[in-house]
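Here the structure is laid out as C-alpha cells; the discussion comes afterwards.
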Amino acid sequence: MQEQRIQSDIASLLSQLNGEQIDTVTAYLHELSRENEEHKVSSDKYLTFWCNNQLFGIGIGQVIQIVHMMDITPLPDFPSYIKGILSIRGELTPIMDLRLRLGQQVSDYSERTCIILIRIDSRSFGLIVDAVNDVETISPQDICPPPQQSDRKANYLIGIAQRTQVILLLDVDYILSEKEIGEIIDVSNQTECP
C-alpha cells in the first residue's frame, strides 16, 4: 500500500516536469542503471589466489593492488600472522600472512609469493599469499553456502564455488576481528611519519 502511494506521488511529480527536466531525469536514471550494471558485473568478479595448495577468492571490489613481495618492517608484540608494515604510496600498511592467519603451516616465500592490498574499514591491509591465480567471473547462483560449524567461527568464508578447482570465497572484512583491526590501526597511526 505504501509502495503504491510512493509510486503515485513520483508519477504525479514527473508529470509536472517540462521537456528539458524530463530529459535530465531520464539521463540521470540511465546513468544510475549503468552504474548499477557495472557494480553487478564487478560484484561477480573474484581475484583467485593460492594459499597452501588451496584456491581462494576475494571480491575484485575489495582489491586495491597486487605487489611483489618486499622487505616488511616487523612490529613487536603482534600475533605471528601480522608480519609488520610496509610504506605503500605514502601510507603505512599492515601486512598479514594469510597462511598463518588461517592456521596453516609456515612456509618459505618464493618468487611467486605476493601481497594483495585490500581495504578493510577504509584502511588498506596487505595479504601475503603463495601466488595469484586469475580473475574469475562467478555468478551468485554458482556459489554454495559454506558448511555451518558451531564449534568454529569462520565468518570470513562466504561461499564455495566449483570451477576446475574448488574456490573458497573470503570476505576480507571478517578476516580480522574489530579488536584486531583497532589494535593494528592504533599501532600504525603511532608509527605514521609527520
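The values are calculated or read from the model by the stated rules, or taken from the named source; none is laboratory data. Note that the structure is a prediction, hence the values are computed from the model and not measured. The protein model used for the area step is the full one, side chains on, heavy atoms only, and it has no ligands, DNA or RNA in it. Shrake-Rupley method; radii C 1.70, N 1.55, O 1.52, S 1.80 Å.
Computed on protein heavy atoms with a 1.4 Å probe, the accessible areas place S139, S87, S110 in the order S87, S110, S139, largest first. Percent of Cα pairs in region 88-167 per distance bin of 5 Å, from zero to the largest separation: 3, 11, 16, 20, 23, 18, 7, 2, 0. Among the protein heavy atoms of region 44-168, carbon and sulfur supply 48% of the accessible surface, probe 1.4 Å, non-protein parts ignored. Using heavy atoms of the protein chains and a probe of 1.4 Å, the accessible area assigned to Y109 is about 100 Å².
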